[in-house]
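Just below is one structure, and these are the notes that go with it.
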Amino acid sequence: MKSTTILSALVGVSYALVYPRAVENKAAGFTSNDCPVPGADFWALSKEVASNEKRELAERQASGNDTLVTRHEVTIDTWIHVVSSSYKFEDGYVSDEAILKQMEVINEAFNKRQFNFRLVGITRTIDADLSVVDADEGIDRLGQRLRKGDFATLNLYVVKDLPGNTAGDCTLPVSAHGGKFLGDGCRFNYDTLPTLSSGRVLIHEVGHWLGLGHTFQEDSANPTCTTGHGDDVADTPVHLRPTDNSCTPVDTCPGLPGQDPINNYMNYTPNSCWTGFTDGQATRMHSMWEVRKKAI
């Protein structure tokens, strides 16, 4: 099998993708601000990785090998930074118990796809200003003070409040960061942890950190089933962005194969609907992990 070569010269940390509170709180409707889209650099990398995956699959099939590839177990060092405005829970000061439960939630989801997140440390910062994230404020403001490890180290920032309708956000991989990755990582509101919620918002966000896009059509003002951009993963059906908080099966693109993947971690359905990733998404995360691990 030929080795995968990523040619894209993408320097710096890529865009952050979000999971909106509108879904969590069952509020009516969405706005465009709930769903920022990746930039052209990420789409270029995504298409290149998808092309490599397709070529390698064709090579395996041509040689008569099993189409399923045995993946190595991946262990990812993880830091959690609690940034609160006081020592009170309602100000974002979550307990170690809540953090450990959160780690259990993400590992339960990702262990099935040969990823394990190893908690190597917890930091705690009391800073009223830093704990409330302003609109258009990058993750680097937190990263400059708190980030640990290299580009392959997951840094999770628990904050008192993210702006607007955002429950959590996370950056995407790049193939070249030029040593500038203080803005890499994930932020999420303290009340999304298992203490008050299911802790599943972070599954969606870490999926972005490992290179997954949203399953629905986006990247245009009014995407349709044939315009906009999907996630470049072959086994996630083309569909439109959810507009309600239902787990009822639906087919928003009836002329194309498959119903909407309402149970997919990377959709905007309520997280109570979610049950897993597809095989194609698992392959993509492992492909993007190699990109992230080798990025310079």
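Only a single item in (1) at pLDDT below 95; (2) closer than 29 Å to THR275 by Cβ; (3) of a type outside the set (Ser, Thr, Tyr); (4) surrounded by fewer than 21 Cβ atoms within 10 Å (Cβ to Cβ) is not met by GLY138, and it is number (2).
Just to be sure, is HIS204 closer than 20 Å to VAL174 by Cα and not in a helix (DSSP H, G or I)?
For HIS204, the condition - closer than 20 Å to VAL174 by Cα and not in a helix (DSSP H, G or I) - is not met.
With respect to (1) under 22 Å from SER272 (Cβ atoms); (2) touching a Phe, Trp or Tyr at 6+ places or on another chain (Cβ under 6 Å); (3) exposed (fewer than 15 other Cβ atoms within 10 Å of the Cβ), the lone exception for GLY121 is condition (1). Residues in the range 88-104 that are surrounded by fewer than 18 Cβ atoms within 10 Å (Cβ to Cβ) and touching a Lys or Arg at 6+ places or on another chain (Cβ under 8 Å): ASP91 only. Evaluate the range 70-92: report whether one residue or more is of a type outside the set (D, E, K, R) and at pLDDT below 95. Within the range 70-92, one or more residues are of a type outside the set (D, E, K, R) and at pLDDT below 95. Across the range 185-201, the qualifying residues are those that are in a loop (DSSP other than H, G, I, E, B) and over 12 Å from the mean Cα position of the chain (by Cα), and the one among them that is surrounded by the fewest Cβ atoms within 10 Å (Cβ to Cβ) is LEU196. Hey, does the range 168-183 have a residue that's buried (at least 20 other Cβ atoms within 10 Å of the Cβ), among the small types (Gly, Ala, Ser), assigned to a helix (DSSP H, G or I) and in contact (Cβ under 8 Å) with a residue 60 or more places away in the chain? So far as the range 168-183 goes, no, none of its residues is buried (at least 20 other Cβ atoms within 10 Å of the Cβ), among the small types (Gly, Ala, Ser), assigned to a helix (DSSP H, G or I) and in contact (Cβ under 8 Å) with a residue 60 or more places away in the chain. Being touching a strand residue (DSSP E or B) at 6+ places or on another chain (Cβ under 8 Å), closer than 30 Å to CYS253 by Cα and either among the hydrophobic types (A, V, I, L, M, F, W, C) or part of a helix (DSSP H, G or I) (or both) is the requirement here; does HIS214 meet it? No; evaluated as a whole, the condition is false for this residue. Among the residues here, GLY213 does not qualify as under 16 Å from the mean Cα position of the chain (by Cα), within 20 Å of GLU108 (Cβ to Cβ) and of a type in the set (Gly, Ala, Ser). Among VAL291, VAL233, which is the only one that is outside any loop (DSSP other than H, G, I, E, B) and among the aliphatic types (A, V, I, L, M)? So the residue among VAL291, VAL233 that is outside any loop (DSSP other than H, G, I, E, B) and among the aliphatic types (A, V, I, L, M) is VAL291.
From HIS208, HIS204, HIS214, which residue is closer than 23 Å to LYS293 by Cβ and in contact with a Leu (Cβ under 8 Å, 6 or more places away or on another chain)?
HIS208
Taking the criterion of being surrounded by fewer than 21 Cβ atoms within 10 Å (Cβ to Cβ), over 16 Å from ILE106 (Cβ atoms), in contact with a strand residue (DSSP E or B) (Cβ under 8 Å, 6 or more places away or on another chain) and of a type outside the set (D, E, K, R), the only residue of the range 153-167 that qualifies is ASN165. Within the range 124-135, the set of residues being of a type outside the set (A, V, I, L, M, F, W, C) and either without any contact (Cβ under 8 Å) to a residue 40 or more places away in the chain or buried (at least 18 other Cβ atoms within 10 Å of the Cβ) (or both) comprises ASP129, SER131, ASP134.
The values are calculated or read from the model by the stated rules, or taken from the named source; none is laboratory data. Computed from a prediction, not measured in an experiment: that's the story for all the values here. A quick note on method: Cβ atoms are made from the backbone with ideal geometry, for glycine too, and the neighbour counts reach across all protein chains shown.
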